[in-house]
Structure formats: C-alpha cells, structure tokens
Amino acid sequence: MTEADTTAMQRALQLAAEAARAEEIPVGAVVLDPDGRIVAEGRNTREETHDPTGHAEIEALRRAAASVGSWNLQGHTLVVTLEPCVMCAGAILQARIARVVFGAWDDKAGAAGSMYDVLRDRRLPYRAEVVAGIEADAATALLREFFEQRR
C-alpha cells in the first residue's frame, strides 16, 4: 500500500458519505494514474439515476476513461470503499486496471476474494492485483450505519 492509496481511500470514504447523504448505499471510488494522482472519482448513484450500473466503481471508471481519453486504463489503480461486485470486477478487468485497493469485504456479493475472485481468476486473459482491508473499519461503519437507519 502506498501513501497515494491511503489519500485516495480517504477521498473515497468522503464520497461514500456523500452517497449516504443522497440516500445511496455508501460506496465511493477513486482512480489513480500510474504516478498516484487522482484522475477520476465516483460514488453510488443507482437510486438517483435509476441505473442498475450506477455503482461507484463504474462511475469512476467512466470518468477516468474520459479523462485519459481511452478505455484502456492499464497501470491505473482503483481505490474503493467496498469490495467490488461481479459487474464491477468485470468492468475493472475490461478497463485493464492494474490494482484494486478496497476497504470493507462484501461477504454477500464480493468478487475480489470473498464470494468470488474474478479479479485474480487465472482462467481470464487479464488479472488485477488486489489489496484488501484498507480503512476497513471506517468503510464498514458507514455501511452499517446506513443500513441500521433503514431497518
């Protein structure tokens, strides 16, 4: 883990908190270029946009591709507060993201080592390095508080 990863996770946590205030599941994501600079960010927008693909990772990847001017984000890092789902893991691999850094594990739908391990599946033509558990307590607390308020 790098200093840039830590800084990016702090920003991703801020984005997750913004999502919660907008009544979205609190997940935030940031894309770093190969030099560790933030090139894009996103948060969950599914409820606002009525778009099932409105996950923080997808939003951040779309913005990163637009910023870079290419779908190919080889050498980039995605930092996200929650372990990516299968859909997001597929998009991450399609974008050729080199590293994924995440906070909380998702034991119900995670695709980076908990339920599935899509990001490191050797049967696929591309794999990403995975760094798990960064600021996991803070990310988990945001999620727990969000869902407790809805019960």
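The values are calculated or read from the model by the stated rules, or taken from the named source; none is laboratory data. Because the structure is predicted, anything quoted here is derived from the model rather than measured. Positions of Cβ are backbone-derived with ideal geometry, glycine not excepted, and every protein chain shown enters the neighbour counts. Ligands, DNA and RNA are stripped out before the accessible areas are found, and what is left, the full protein with its side chains, is counted by its heavy atoms. Shrake-Rupley method; radii C 1.70, N 1.55, O 1.52, S 1.80 Å.
Remark: D107 matches the filter, which requires a residue to be under 17 Å from D137 (Cα atoms) and of a type in the set (D, E). Select from the stretch 51-60 the residues that are assigned to a loop (DSSP other than H, G, I, E, B) and open to solvent by 10 Å² or more (accessible area, probe 1.4 Å) and write down the one among them that is farthest from G90 (Cα to Cα). Ranking the qualifying residues of the stretch 51-60, first place goes to D51.
All but one of (1) within 23 Å of R62 (Cα to Cα); (2) over 12 Å from the mean Cα position of the chain (by Cα) hold for I97; which doesn't? With respect to (1) within 23 Å of R62 (Cα to Cα); (2) over 12 Å from the mean Cα position of the chain (by Cα), I97 is out only on (2). Criterion applied to E48, E18, E24 was being modelled with pLDDT of 95 or more, open to solvent by 70 Å² or more (accessible area, probe 1.4 Å), over 13 Å from the mean Cα position of the chain (by Cα) and closer than 26 Å to R144 by Cα, and the one residue passing it is E48. Which condition number does D106 fail, the rest of (1) under 18 Å from I25 (Cβ atoms); (2) in a helix (DSSP H, G or I) being met? So the condition that D106 fails would be (2).
Any chance the stretch 62-75 includes a residue that's among the polar types (S, T, N, Q), crowded, with 19+ Cβ neighbours inside 10 Å and not in a loop (DSSP other than H, G, I, E, B)? Let's see the steps before the verdict.
At the first step, the residues of the stretch 62-75 found to be among the polar types (S, T, N, Q) are 67, 70, 72, 74.
When the remaining residues are screened for being crowded, with 19+ Cβ neighbours inside 10 Å, the result is none.
Checked against the condition, which is being among the polar types (S, T, N, Q), crowded, with 19+ Cβ neighbours inside 10 Å and not in a loop (DSSP other than H, G, I, E, B), the stretch 62-75 yields no hits at all.
Quick one: in the stretch 101-115, which of the residues that are out of contact with any Ser or Thr (no Cβ under 9 Å at 6 or more places or on another chain) and surrounded by 16 or more Cβ atoms within 10 Å (Cβ to Cβ) is nearest to A22 (Cα to Cα)? Here the residue is G110.
Regarding A111, is this residue touching a residue at least 12 places away in the same chain (Cβ under 8 Å), in contact with a Cys (Cβ under 7 Å, 6 or more places away or on another chain) and of a type outside the set (D, E)? Walk me through how you get there before you give the answer.
On the way: touching a residue at least 12 places away in the same chain (Cβ under 8 Å): yes; in contact with a Cys (Cβ under 7 Å, 6 or more places away or on another chain): yes; of a type outside the set (D, E): yes.
So A111 passes the test.
For D121, are the conditions met, namely being farther than 20 Å from E18 by Cα and either without any contact (Cβ under 8 Å) to a residue 40 or more places away in the chain or over 12 Å from the mean Cα position of the chain (by Cα) (or both)? Steps first, answer last, please.
Working: farther than 20 Å from E18 by Cα: yes; either without any contact (Cβ under 8 Å) to a residue 40 or more places away in the chain or over 12 Å from the mean Cα position of the chain (by Cα) (or both): yes.
For D121, the condition - farther than 20 Å from E18 by Cα and either without any contact (Cβ under 8 Å) to a residue 40 or more places away in the chain or over 12 Å from the mean Cα position of the chain (by Cα) (or both) - is met.
Among residues of the stretch 63-86 that are under 14 Å from G36 (Cα atoms), those with a beta-carbon under 6 Å from a residue that is in a loop (DSSP other than H, G, I, E, B) and of a type outside the set (D, E, K, R) at least six positions away or on a different chain give the pairs A64/L73; L73/A95; L73/I97; G75/P34; G75/A98; H76/I97; L78/I97. Considering the stretch 1-10, and only residues there that are of a type outside the set (G, A, S) and surrounded by 18 or more Cβ atoms within 10 Å (Cβ to Cβ), the residue that is modelled with the highest pLDDT turns out to be M9. Could you say whether any residue in the stretch 82-96 is open to solvent by less than 40 Å² (accessible area, probe 1.4 Å), touching a Gly at 6+ places or on another chain (Cβ under 9 Å), part of a strand (DSSP E or B) and modelled with pLDDT of 95 or more? Yes; the residues of the stretch 82-96 include at least one that is open to solvent by less than 40 Å² (accessible area, probe 1.4 Å), touching a Gly at 6+ places or on another chain (Cβ under 9 Å), part of a strand (DSSP E or B) and modelled with pLDDT of 95 or more. The number of residues in the stretch 27-45 being open to solvent by less than 20 Å² (accessible area, probe 1.4 Å) and either outside any loop (DSSP other than H, G, I, E, B) or among the basic types (K, R) (or both) comes to 7.
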